[in-house]
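Novice: Could you have a look at this structure, given as structure tokens, before my questions?
The values are calculated or read from the model by the stated rules, or taken from the named source; none is laboratory data. Nothing here was measured: the structure is a model prediction, and the numbers come from that model. Note that we place each Cβ from the backbone using ideal geometry, even for glycine, and neighbour counts take in every protein chain shown. Surface areas here come from the heavy atoms of the whole protein model, side chains and all, with no ligands, DNA or RNA. Shrake-Rupley method; radii C 1.70, N 1.55, O 1.52, S 1.80 Å.
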Amino acid sequence: MFQVDAKTQGLAVYRVGGAVRDELLGWPVVDNDWVVVGATPAIMRQRGFKPVGRDFPVFLHPDTAEEYALARTERKSGHGYSGFEVHASPDVTLEDDLSRRDLTINAIAQRFDGVLTDPFNGQQDIQRRVLRHVSAAFSEDPLRVLRTARFLARYAHLGFTIAPETLALMREVSRSGELSHLAAERVWVETEKALGEPNPDSYFTALATCNALVVWWPELAEKSVLNSALKAMAATPANSELPLAHWRYGLLVSVLDDDQRHALAARLKLPNAVAQLARHTALSKGLLGEPLSAERVLHWLERLDGWRKPAQVENQLQLIRGLSADNVAPLVSAWKAAQEVSPQALLAKGYRGAALGDALREHRQMAVAGALLR
């Protein structure tokens, strides 16, 4: 249940979507989403709500800043996630609004007194642990393929599966070519969220099962490659300050070669920090693939830009602790020894320009070699 305040008093306000679903699951409720039935934009503005929706009427509560959307329906009018015409007016019912949602577990509304409106048996699907589409309109929005896979990544450990008929619709969307019309940024948003869920592997296996993986992640689509990538993804470092989702992405694509990782990063328009961490992760795994040598360790430190950005080396050492514990101590010693080489001392000896750079590298390599022999 929730309380009606002065701003919403007299309005037909319902809590909807994820907040209701997660409360029924006993899952932590992070954000509330609200739908208002029978109101107009003018009424909302009169009550002090701030309009923020560009494509449909959404308003921010003046005190809580939570989103209140007017009940609406949608009609497919183009390609991709945004190819819809939206109709919002006082004559749109709560059931009309719920019918446009993706999954039955997300199509439950709760009144202020706790009474639930559940026209598509979402509560039953929660009990049965099933992700099931609300209607055939599911296939009109290709993003729902990714969202359904993401929900599986969140709830698979609770026993959830995707209903066979929903999986069939996901395959239909994949065959239609609609997935290719999604914006890369939207694809990454869904993927990043999935990578932060308890079972991120379920996201990729679900997309592979419905033939969606080959559209945006063709480098991972071959079964043996995907299996290797998912196995690699499990080796995330403990207690890192970097986002878990970013580590998981870096490990996932560490089984690919440089050209494949670059192509995937470009296609998804990855944030620079994510693409860079992926490069560094692959570099570290490559270092561990052969016996350590002074030349290879120094090259690793240089590629990590360790002299200017020592935190990048520390992050990779944290990863290596989980990947190859035996190599941690010699690499830490080598890193400390390389850091002790003083550019100022070499300047004092008269080295300048290119000669200084060569001398620095030579002394650092000698320092690393000495550390590795200890």
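Novice: In the range 100-223, carbon and sulfur make up what percent of the accessible area (probe 1.4 Å)?
Specialist: 48 percent
Novice: Give the accessible surface of the chain per residue, rounded to a whole number of Å², with probe radius 1.4 Å and ligands, DNA and RNA excluded.
Specialist: Using a 1.4 Å probe on heavy atoms only, each residue of the chain averages 48 Å².
Novice: Based on the Cα gyration tensor of the range 1-160, what are the three equivalent ellipsoid semi-axes, each the root of five times an eigenvalue, rounded to whole Å and given largest first?
Specialist: Values for the range 1-160, descending: 25, 20, 13 Å.
Novice: Compare the Cα positions of Val20, Gln110, Gln46 along the charge dipole of the range 1-144 (+1 at Cβ of Lys, Arg; -1 at Cβ of Asp, Glu; about the Cα centre) and return the one farthest towards the positive end.
Specialist: Gln46
Novice: For Leu270, list long-range residues whose amide hydrogen, built 1.01 Å from N in the peptide plane, is under 5 Å from its own amide hydrogen.
Specialist: Here nothing satisfies the definition.
Novice: Tabulate in residue order the Karplus-calculated ³J(HN,Hα) for the range 111-117, using 6.51 cos²θ - 1.76 cosθ + 1.60 with θ = phi - 60°, rounded to whole Hz; enter x for Gly and Pro.
Specialist: Karplus values, whole Hz, x for Gly and Pro: 7, 4, 8, x, 5, 9, 10.
Novice: Per residue of the chain, what 222 nm ellipticity follows from adding -39500 (n - 2.57) for every DSSP H run with n ≥ 4, rounded to the nearest 500?
Specialist: -15500 deg cm²/dmol
Novice: So if a site counts as exposed when it's one of the GluC sites (Glu not before Pro), its DSSP state isn't H, G, I, E or B, and it has at most 15 other Cβ atoms within 10 Å, what's the longest stretch of the chain without one?
Specialist: The segment 67-221 is the longest one with no such site.
Novice: Oh, and also: What is the set of long-range amide H partners of Asp33 at a cut-off below 5 Å, with H atoms built 1.01 Å from backbone N?
Specialist: Here Val16, Ala19 satisfy the definition.
Novice: Helix check for the chain. Which DSSP H runs span at least 30 Å along their own axis by Cα, with a mean Kyte-Doolittle hydropathy no less than -0.5?
Specialist: Long hydrophobic helices here: 353-373.
Novice: Any idea what the dipole of the chain comes to, in debye rounded to 20, about its Cα centre with Lys/Arg Cβ at +1 and Asp/Glu Cβ at -1?
Specialist: Using Cβ point charges on Lys, Arg, Asp and Glu, the chain gives about 800 debye.
Novice: I would also like to ask the following. Hey, what do the phi angles of the range 31-42 turn into as Karplus ³J(HN,Hα) couplings, whole Hz, using 6.51/-1.76/1.60 and θ = phi - 60°, x for Gly and Pro?
Specialist: Values, residue by residue: 10, 9, 10, 10, 10, 10, 9, x, 9, 10, x, 4 Hz.
Novice: Okay, moving on. Compute the separation of the alpha-carbon centres of the range 1-51 and the range 303-356 and state it in Å as a whole number.
Specialist: Taking the Cα centre of the range 303-356 as reference, the centre of the range 1-51 is 54 Å away.
Novice: For the range 324-368, which whole-number percentage of the solvent-accessible area (1.4 Å probe, protein heavy atoms only) is attributable to carbon and sulfur atoms?
Specialist: 54 percent
Novice: Using a 1.4 Å probe over the heavy atoms of the protein chains, calculate the carbon and sulfur portion of the accessible area of the range 1-48 as a whole percent.
Specialist: Roughly 49 percent, rounded to a whole number.
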